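The block underneath contains the structure these notes are about, expressed in structure tokens.
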Amino acid sequence: AFNDHTVVTAPEDGIDPTYNPFKPQSKSSAGGGSSYHPQSAGNFGGYSSNPLPDWEKLYQNFEKGKQEGIASITEQDVEDSFSDIGEVEPVNNGVQAEIITPDMSSAMCMQMKGRYILSPIKSGLMIVDQHRAHVRVLFEQYIKQLDATTISSQRVLFPEVLQLTTSQNIILKELEPEMEKIGFNLAQLSGNDWSINAVPAGMENVNIKDTILQVIDEVSMGGTSITTKVYESIALRVAKSAAIPYGKTMLQEEMDTLLSKLLCLPNPNYTPDGKTIISVLSNDQLEKMF
């Protein structure tokens, strides 16, 4: 009951007079005793109250991430990806025309197993045998040199003796003038034996006896002129000996240069002796892998 001595206290309205609705509140704020807390930066789509970096930094980070992603792809990753697909198709003339584009040199190349060069093209993935590709390139270079001038000779320190059959001896006698023109120096000994005193420059590490025997066999089969047979046989032998071997790691620039030279040739698809150089894994085959 109220009387003259009762002290009346005004009811509290629970309003914080310092509260500003436009000022961000911390999680520890007890305003109103609510249990609601704003989402943290990691809980709402990566939202962050921190200001975004400028666009240049964003682009730099994107480029860095892209390059790191490419660098992280290993040779084994590529090899494993091909394990479940069928045999790739040799390149045909239509694909060859599509491969040779102005931006070919800008495509990213990758070496696989020290044997193949992989390069993306419009129709899929081009796979190139590095040794055979270099053989084709060198062969064409040597043929042009043979047609343009007489090949210089390199004398051997220890002349080899070549033993022939009677029929082989007859053919070599006919071939001797042409053989000398392309750098050989041969001298007939007694009977069917010949001494090899000099070889074409660049053939120092080639098995000369086998080369001469192969030339004799090819000429005996006919079909082309002696000079052409000799030139092609010598050029192919030298190209195979000097070409990039399997197992050699190639730099990006070396792969780009080799592909550029190969694709400029009239027939980059096969070696002079008919072996496949280029095959293409089509986009359809790639899509079936996933």
I'd like to verify a number: residues in segment 157-174 that are more than 19 Å from residue 219 (Cα to Cα) and without any contact (Cβ under 8 Å) to a residue 24 or more places away in the chain, how many? 2
Return the residue satisfying two criteria in turn: it lies in segment 153-178 and is among the acidic types (Asp, Glu) and surrounded by fewer than 17 Cβ atoms within 10 Å (Cβ to Cβ), and of such residues it is nearest to residue 196 (Cα to Cα). 160
Test residue 203 against the criterion of being modelled with pLDDT of 80 or more and either surrounded by 14 or more Cβ atoms within 10 Å (Cβ to Cβ) or assigned by TED's automatic domain parsing to the domain that holds residue 182 (or both), and give yes or no. no
Hey, which of the helices (runs of 4 or more DSSP H) in segment 198-290, taking only ones fully inside, have at least 3 residues that are closer than 30 Å to residue 167 by Cβ? 208-220, 226-242
If residue 125 satisfies all but one of (1) over 26 Å from residue 221 (Cβ atoms); (2) not assigned by TED's automatic domain parsing to the domain that holds residue 109, what's the number of the condition it fails? (2)
Against the conditions (1) within 41 Å of the chain's Cα centre (by Cα); (2) closer than 22 Å to residue 220 by Cβ, where does residue 177 fall short? Just the number, please. (1)
Sort out which residues of segment 115-151 are under 21 Å from residue 213 (Cα atoms), of a type outside the set (Val, Ile, Thr) and touching a Gly at 6+ places or on another chain (Cβ under 9 Å), and write them in order of number. 142
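The values are calculated or read from the model by the stated rules, or taken from the named source; none is laboratory data. These numbers were taken from a predicted model, which means no experiment stands behind them. As a convention, Cβ positions derive from the backbone with ideal geometry for all residues, glycine included, and neighbour counts pool all protein chains shown.
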